[in-house]
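Report on one structure; see the data block that follows.
Since every read-out is calculated from the coordinates, none of them should be taken as a lab result. Keep in mind that this is a model prediction, so the values were computed, not measured. With ideal geometry, Cβ positions are generated from the backbone for all residues, glycine too; neighbour counts draw on all protein chains shown.
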Amino acid sequence: MDLELSEKFGVNGIRISIAWSRIFPNGYGEVNPKGVEYYHKLFAECHKRHVEPFVTLHHFDTPEVLHKDGDFLNRKTIDYFVDYAEYCFKEFPEVKYWTTFNEIGPIGDGQYLVGKFPPGIKYDFEKVFQSHHNMMVAHARAVKLFKDGGYQGEIGVVHALPTKYPFDPSNPEDVRAAELEDIIHNKFILDATYLGKYSRETMEGVQHILSVNGGKLNITDEDYAILDAAKDLNDFLGINYYMSDWMRGYDGESEITHNATGDKGGSKYQLKGVGQREFDVDVPRTDWDWMIYPQGLYDQIMRVVKDYPNYHKIYITENGLGYKDEFIESEKTVHDDARIDYVRQHLNVIADAIKDGANVKGYFIWSLMDVFSWSNGYEKRYGLFYVDFETQERYPKKSAYWYKELAETKEIK
């Protein structure tokens, strides 16, 4: 149904993730043939509908048996992931676009900083950075394996890159807070991806955060060799962008309140030795306190172009507006003008970035249909198609028709 709607509404590419446990129920060892068969059928249907699948190997879903054993903090999981990746590369030659991980940053952040993902640990910076690093090593090994194996197609990684600004650019404490927050969420993983190491500025920031909060990062010479070997092999970078943040200096203990309900103003974000997010900014924000700032996407794209010139090309792999959609029963639709406006503004800044030299090759709206949000449940809707979760019926929103015209005309209106 969803691929049929994609074809009908001009969506010519879709992001799909393979569930690792659907192929290897225990994370390794015995293969589940029914899972393998399912994905062959799915990819065939994509191509039948002229919808190119961009396939992600890991989207927040380490098999439970491995997750309980430390997830990527356990280096054995790196080996198991690489074996799983190799199996998929061999088994699914019909896939031409691979991404290793979706959002390495938010995985470590959600599991060990905010605590909104299992195992629900908060403010453990050692685990945050170690998770980021180990997953980047797994990514690098998978990319090197893909290239050495001569597999056809392209491979890259998808990073969530929320832009960080100082609340007062003339205040050194605010500037430092923005720099440290950027290291946690962006610079650490971008350095690993494209420098094959962590810059002096990055490691100084990491060591400062760990010295204040406790902890030690374990990086081996072999890790650096692996990162270095893969740094020029990424065919593309996927950027997920929804929001920017403004940071102030902060001298206090860590306290984060995650707004999972959509009650605007319910967020608090204060990190010891880092800074605090300021929400009282002259910028629109969603009910979940996500700051709507298209310029942040432009700035992030151009930052990649400037700081990581070996990026090759960029896809915007997620961008969209989470909203409390009001379904109009008599019309069987949603008048989501706010979503249309959000996407239009972000497409315009992408066009500006292309004019200014960025090699951006594609855009994936998040999302095709309303889906379950890992941290916000079912109330936060992103889709072009409204889903009645009781019946699973799909209904095109106003944005779906706007997006269809965009796909057909290639003009932002």
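Of the listed pairs Lys361/Lys397; Lys122/Lys216; Lys8/Lys380, which have alpha-carbon separations greater than 22 Å here? Working shown, then result.
On the way: Lys361/Lys397 26 Å; Lys122/Lys216 16 Å; Lys8/Lys380 25 Å.
Flagged as over cut-off: Lys361/Lys397; Lys8/Lys380.
Net charge near Gly214, counting Lys/Arg +1 and Asp/Glu -1 over other residues with Cβ under 14 Å of its Cβ? Spell out each step's value before the answer.
Details: positive: Lys122, Lys127, Lys216, Lys272; negative: Asp124, Glu126, Glu253.
So the surrounding residues net to +1.
Of Pro106, Leu5, Phe24, which is farthest towards the positive pole of segment 1-133's charge dipole, taken about the Cα centre with +1 and -1 on the beta-carbons of Lys, Arg and Asp, Glu respectively?
Leu5
Quick one: what are the phi-derived ³J(HN,Hα) couplings along segment 272-281, Karplus 6.51/-1.76/1.60 with θ = phi - 60°, whole Hz, x for glycine and proline?
Values, residue by residue: 4, x, 10, x, 10, 7, 9, 9, 8, 10 Hz.
Cβ under 10 Å from Glu278's Cβ, Glu278 left aside: what net charge do those residues give with Lys, Arg +1 and Asp, Glu -1? Display every interim value, and only then the final one.
Values: positive: Arg248, Arg277; negative: Asp168, Asp174, Asp245, Asp280.
Spelling it out: positives minus negatives among the neighbours equals -2.
Rank these for me by crowding, Phe188, Phe60, Phe389, Phe167, going from fewest to most other beta carbons within 10 Å.
If I rank by nearby Cβ atoms, fewest first, I get Phe389, Phe60, Phe167, Phe188.
At 222 nm, what value in deg cm²/dmol follows for the chain if DSSP H runs of at least 4 each add -39500 (n - 2.57) and the sum is divided by all its residues, to the nearest 500?
Result for the chain: -12500 deg cm²/dmol, rounded to the nearest 500.
Charges on Cβ only, +1 for Lys and Arg, -1 for Asp and Glu, centred on the Cα centroid of segment 343-397; of Gln392, Ser375, Ile365, which one is farthest towards the dipole's positive end?
Result: Ile365.
Only Lys, Arg, Asp and Glu count, each charged at its Cβ (+1, +1, -1, -1), so figure out the dipole size of segment 290-403 about its Cα centre, rounded to 20 debye.
Details: 14 positive and 17 negative charges, 111 e Å.
Once rounded to the nearest 20, the dipole reads 540 debye.
Pairs Lys264/Lys410; Lys34/Lys313; Lys197/Lys306: which are spaced more than 28 Å apart, C-alpha to C-alpha?
Working: Lys264/Lys410 35 Å; Lys34/Lys313 35 Å; Lys197/Lys306 17 Å.
Beyond 28 Å: Lys264/Lys410; Lys34/Lys313.
Mind putting a number on the dipole of the chain about its Cα centre? Charges go on the C-beta only, +1 for Lys and Arg and -1 for Asp and Glu, and I need it in Debye to the nearest 20. Let's see the in-between values first.
On the way: 48 positive and 67 negative charges, 136 e Å.
Dipole about the Cα centre, nearest 20: 660 debye.
By the scheme Lys and Arg +1, Asp and Glu -1, what is the net charge of all other residues having a beta-carbon under 13 Å from that of Phe92? Mind dumping the intermediate values first?
Working: positive: Arg22, Lys41, Lys90, Lys96; negative: Glu37, Glu86, Glu91, Glu94.
Residues close to Phe92 contribute a combined charge of 0.
Which Cα, out of Val206, Ile219, Leu237, lies furthest along the positive dipole direction of segment 200-249 (beta carbon charges, K/R +1, D/E -1)?
Toward the positive end, the furthest listed residue is Val206.
Given the C-alpha centroids of segment 66-102 and segment 118-174, what is the distance between them in whole angstrom?
16
How big, in percent, is the set of alpha carbon pairs in the chain lying more than 35 Å apart?
Details: 21578 of 85078 pairs.
Counting every Cα pair in the chain, those more than 35 Å apart make up 25 percent.
Quick query: amide H of Ser373 versus all other amide H atoms, modeled in the peptide plane; which residues come in under 5 Å with a sequence gap of 5 or more or a different chain?
Tyr378
Given +1 on the Cβ of Lys and Arg, -1 on the Cβ of Asp and Glu, and no further charges, what dipole in debye does segment 8-160 carry about its Cα centre, rounded to the nearest 20? Please report the intermediate quantities before stating the final value.
Details: 18 positive and 19 negative charges, 69 e Å.
For this selection, approximately 340 debye.
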